[in-house]
Amino acid sequence: MKYMSEFRDPSLARKLQNVIGAETKKRIRIMEFCGGHTISLLKYGIPDLLPDLIEMVSGPGCPVCVTSKGEIDAAIKLASMDGVILASFGDMIRVPGSEMSLRDAKARGMDIRVVYSPDDAVKMAADNRDKKVVFFSVGFETTAPVSAASIKMAKIKGINNYFVLSAHKTTPGVLSALLAEEVRIDAFVCPGHVTTITGTSIYKPLTDAGRPCVVSGFEPLDIMSSILAIVRQANRGAAETEIQYSRVATAKGNLNAQKMMKEVFTPVDALWRGIGAIPGSGLKPYREYARFNACNEFGLEIEVNDSETKGCICGKILRGLNKPTDCKLFGTACNPEEPVGACMVSDEGTCSVYYRFHGKVSEIEAR
Amino acid sequence: MKRADHITLAHGGGGQASGELMKNVFLPAFKNPLLETLSDGALIDPPKRGKLAFSTDTFVIDPIFFPGGDIGSLSVHGTVNDLAVSGAIPKYLSAGFVIEEGFSIAELKKIVASMAEAAKNCGVSIVTGDTKVVPKGHADKLFINTTGIGFVPEGIDISAKNIIDGDIVILSGTIGDHGTAVLTRRKGLEFDTEIVSDSTPLNSLVEAMLKAEPNIRMMRDPTRGGLSASLCEIASISGKGIVIEEALIPVSVAVRSVCEILGLDPIHVANEGKLVAFVPSDSAENVLKAMKKVACGKEASIIGRVGGCPAGRVEMKTSFIGNRIIEPVIGDQLPRIC
């Protein structure tokens, strides 16, 4: 029960709130990169506990949200082929592609199955030797090593009917892209679980550019402590990487996971939904693992498609330029039951989090 | 595959095989005079006073056997509970089966026996039924529909429209047990827990509550969509605001842990043996006392009250700081849970 109570202790939170309030001297805009942090922030009402000088903006750290329409269209195209089973994480099922979502495709009779891990997809391939099983692999450095391991396992076990459609994204490129935005982000609450894999070296471009970085856990007291650490760095004019989430993350990261990723994947350019193309921020299987790449097996090109539905401002929300409540579609035409933009689909999507924990837009205005 | 061991299309054909199934499986288990007439409809005497309550529910749960119950007992409890929280004394059930070709007759017998036992415990009779068989692959094992009739005593009026500001919200016990029990037995997501479904009939609990306070305003059993769905619906129908307190909602440690790991919120998770009641403030303690005397109400708790937030809204005072607006769960958090 430890992590379900101690890190949510309301009296400690009040103390932290007072310290943050007393020590914050200047206006500071902090981005929480990760969707998991956005959930905790809003679920526990943390922005209401912060002084007016601190503004929290949500970042692009939701892998489902940044998966491009072209990648979803490619997954549907594969699923429509004879003898193909498409295995996907559940969160991807409702994300709209350019014409339909995987859920729509499944309703039209395509064999699309939800799995909880790529290992399940490998097992599915072993159990269905007469089919080709394609795992639609999305996620940051948190899921990429597992996906790499699944490919390696398929190779070792000779499961030749397993393929991966990689829509993986890596974080270093997008962090630098965020620095170039017109709205200045002063500091970053950095993703705890990505850092657990990558280590802290990926934040060097941010600290070099004068932005304090604190790797944070996901409980409310974790995030409040991280915000306090940022305030203190800002007060003394520092820009360093600190690890608040020291019970899990380390400076070096998980070396085995890094090795696994490097063995199986090579960086490729990737299109981030709402953000655009970022060089070297994608991953594809290479060398002896290239034959597991679904694009190679089926001669498929992922189309570049970064069009968004009219009125949808997901791109700006993912870059921290706007809040969901700035969008005309939020809570009306776009809601979690019928998402228009990607940020409304995933549980970690900024719009979905705002919708679930802040109620509908009219109610927010009424507050 | 011998016909004797497995369901074939003939068992749904209305001919000799259907008759054998009736004679060997259903009749011996459900034994009662109304069913044994084998007529096309059961003839029942209406109540002398009060009202009739009528409710239906269909069960497609996967897996069909789960810790704490099976599709058979669940199909009886589900409809009995819908009648009970309407203020009715459940009396009669119908049972409709859609069975997939090839389903084991031994398992069918087990499920039917479980329905019979559940019906006996609830004091209801299964008085009419129907069986259809569909080709293999056209249904998953078996689906059951039950429809029930109950008698509402004179003077009992359970309706969200009766709720007034200041009414007390009582929950009959821990939440999330059924949903997590089923989830942790789902293929591909097996967890090693001892969580057991709370599938249980609520009619004796309701009887005790109405005895303590005949003017209970509203009751509902929070099944699919969990406590949040029931409260949001009641807030919307009644046009009242409801404020509940997170710390007062009973959740077992095991359920809390599984929900934490899977990123679920227990208030959205299904229950099959719980009810939430809205009672006048001056009789809340009495009702609570009466509930605690019934086995399935031992952990009953006052969780909130009506008023204190905008009309139609449900807010939860969190265990952390401040209030959270409660919205019903979105999409299919967990399909085929009942």
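No lab work stands behind these numbers, since they all come straight from the coordinates. Values in this document were obtained by computation on a predicted structure and should not be read as measured data. Ideal geometry is used to build each Cβ from the backbone, glycine not excepted, and the neighbour counts take in all protein chains shown.
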Only one of these conditions is not met by A:PRO118: (1) within 22 Å of the chain's Cα centre (by Cα); (2) surrounded by fewer than 18 Cβ atoms within 10 Å (Cβ to Cβ). Which number is it? (2)
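Quick one: would you say B:SER172 is more than 14 Å from chain A (Cβ to nearest Cβ), crowded, with 20+ Cβ neighbours inside 10 Å, small (Gly, Ala, Ser) and within 17 Å of the chain's Cα centre (by Cα)? Can you show your working first?
On the way: more than 14 Å from chain A (Cβ to nearest Cβ): yes; crowded, with 20+ Cβ neighbours inside 10 Å: yes; small (Gly, Ala, Ser): yes; within 17 Å of the chain's Cα centre (by Cα): yes.
Against the criterion (more than 14 Å from chain A (Cβ to nearest Cβ), crowded, with 20+ Cβ neighbours inside 10 Å, small (Gly, Ala, Ser) and within 17 Å of the chain's Cα centre (by Cα)), B:SER172 qualifies.
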Run A:ALA75 past the list (1) among the aliphatic types (A, V, I, L, M); (2) within 12 Å of another protein chain (Cβ to nearest Cβ); (3) closer than 25 Å to A:LYS169 by Cα and report the number of the one that doesn't hold. (2)
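Regarding B:ARG224, is this residue within 11 Å of another protein chain (Cβ to nearest Cβ) and over 27 Å from B:LYS211 (Cα atoms)?
On the way: within 11 Å of another protein chain (Cβ to nearest Cβ): no; over 27 Å from B:LYS211 (Cα atoms): yes.
It is false that B:ARG224 is within 11 Å of another protein chain (Cβ to nearest Cβ) and over 27 Å from B:LYS211 (Cα atoms).
For (1) surrounded by 19 or more Cβ atoms within 10 Å (Cβ to Cβ); (2) in a loop (DSSP other than H, G, I, E, B), each residue gets a yes or a no:
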{"residue": "A:LYS284", "(1), (2)": "yes, no"}
{"residue": "A:THR309", "(1), (2)": "no, yes"}
{"residue": "A:GLY315", "(1), (2)": "yes, no"}
{"residue": "A:LYS328", "(1), (2)": "no, yes"}
{"residue": "A:CYS343", "(1), (2)": "yes, no"}
{"residue": "A:GLU348", "(1), (2)": "yes, yes"}
{"residue": "A:SER352", "(1), (2)": "yes, no"}
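Say we look at region B:250-291 and pick out the residues that are charged (D, E, K, R) and part of a loop (DSSP other than H, G, I, E, B); which of these is farthest from B:ASN81 (Cα to Cα)? Spell out the reasoning first.
From region B:250-291, those charged (D, E, K, R) are B:256, B:260, B:265, B:272, B:274, B:282, B:285, B:289; that's our starting set.
Going one step further and asking which of them are part of a loop (DSSP other than H, G, I, E, B), we end up with B:265, B:272, B:274.
Values: B:ASP265: 24, B:GLU272: 8, B:LYS274: 9 Å.
It comes out as B:ASP265.
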Of all residues in region B:256-270 being buried (at least 24 other Cβ atoms within 10 Å of the Cβ) and farther than 11 Å from B:GLU246 by Cβ, which is nearest to the other protein chains (Cβ to nearest Cβ)? B:HIS268
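Residue-by-condition table, conditions (1) surrounded by fewer than 24 Cβ atoms within 10 Å (Cβ to Cβ); (2) not in a helix (DSSP H, G or I):
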residue: A:VAL133; (1), (2): no, yes
residue: A:GLU141; (1), (2): no, yes
residue: A:ILE151; (1), (2): no, no
residue: A:LYS155; (1), (2): yes, no
residue: A:ILE159; (1), (2): yes, yes
residue: A:LEU178; (1), (2): yes, no
residue: A:ILE185; (1), (2): yes, yes
residue: A:VAL189; (1), (2): no, yes
residue: A:HIS193; (1), (2): yes, no
When you check A:GLU23 against the structure, is it more than 12 Å from chain B (Cβ to nearest Cβ), in contact (Cβ under 8 Å) with a residue 40 or more places away in the chain and more than 30 Å from A:ILE275 (Cα to Cα), yes or no? yes
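Quick check on my filter: what residues within region B:277-286 are touching a residue at least 24 places away in the same chain (Cβ under 8 Å), closer than 17 Å to B:LEU248 by Cβ and surrounded by fewer than 24 Cβ atoms within 10 Å (Cβ to Cβ)?
Residues of region B:277-286 that are touching a residue at least 24 places away in the same chain (Cβ under 8 Å), as a first pass: B:277-281, B:283-284, B:286.
Filter once more, keeping what is closer than 17 Å to B:LEU248 by Cβ: B:277-279, B:281, B:284.
If the condition is that a residue be touching a residue at least 24 places away in the same chain (Cβ under 8 Å), closer than 17 Å to B:LEU248 by Cβ and surrounded by fewer than 24 Cβ atoms within 10 Å (Cβ to Cβ), then B:SER281, B:ALA284 are the ones that fit.
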Restricting attention to region B:83-101, report how many residues are outside any loop (DSSP other than H, G, I, E, B), surrounded by 21 or more Cβ atoms within 10 Å (Cβ to Cβ) and touching a Lys or Arg at 6+ places or on another chain (Cβ under 9 Å). 3
Restricting the search to region A:8-20, which residues are assigned to a helix (DSSP H, G or I), in contact with a helix residue (DSSP H, G or I) (Cβ under 8 Å, 6 or more places away or on another chain) and within 14 Å of another protein chain (Cβ to nearest Cβ)? A:ARG8, A:LEU12, A:ALA13, A:LEU16, A:GLN17, A:ILE20
Just to check your reading of the model, which residue among A:VAL57, A:VAL66 is of a type in the set (Val, Ile, Thr), buried (at least 22 other Cβ atoms within 10 Å of the Cβ) and touching a strand residue (DSSP E or B) at 6+ places or on another chain (Cβ under 7 Å)? A:VAL66
Do we have any residue at all in region B:300-310 that's within 14 Å of chain A (Cβ to nearest Cβ), farther than 23 Å from B:VAL206 by Cα and touching a residue at least 60 places away in the same chain (Cβ under 8 Å)? yes
Residue check, B:ALA247 against (1) crowded, with 17+ Cβ neighbours inside 10 Å; (2) part of a helix (DSSP H, G or I); (3) within 14 Å of chain A (Cβ to nearest Cβ); (4) not hydroxyl-bearing (Ser, Thr, Tyr), all met but one. Which one? (1)
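Is there a residue in region A:26-38 that is of a type in the set (Asp, Glu) and surrounded by fewer than 21 Cβ atoms within 10 Å (Cβ to Cβ)?
Filtering region A:26-38 for residues of a type in the set (Asp, Glu) gives A:32.
Restricting the remaining residues to those that are surrounded by fewer than 21 Cβ atoms within 10 Å (Cβ to Cβ) gives none.
Among the residues of region A:26-38, not one is of a type in the set (Asp, Glu) and surrounded by fewer than 21 Cβ atoms within 10 Å (Cβ to Cβ), which makes the answer no.
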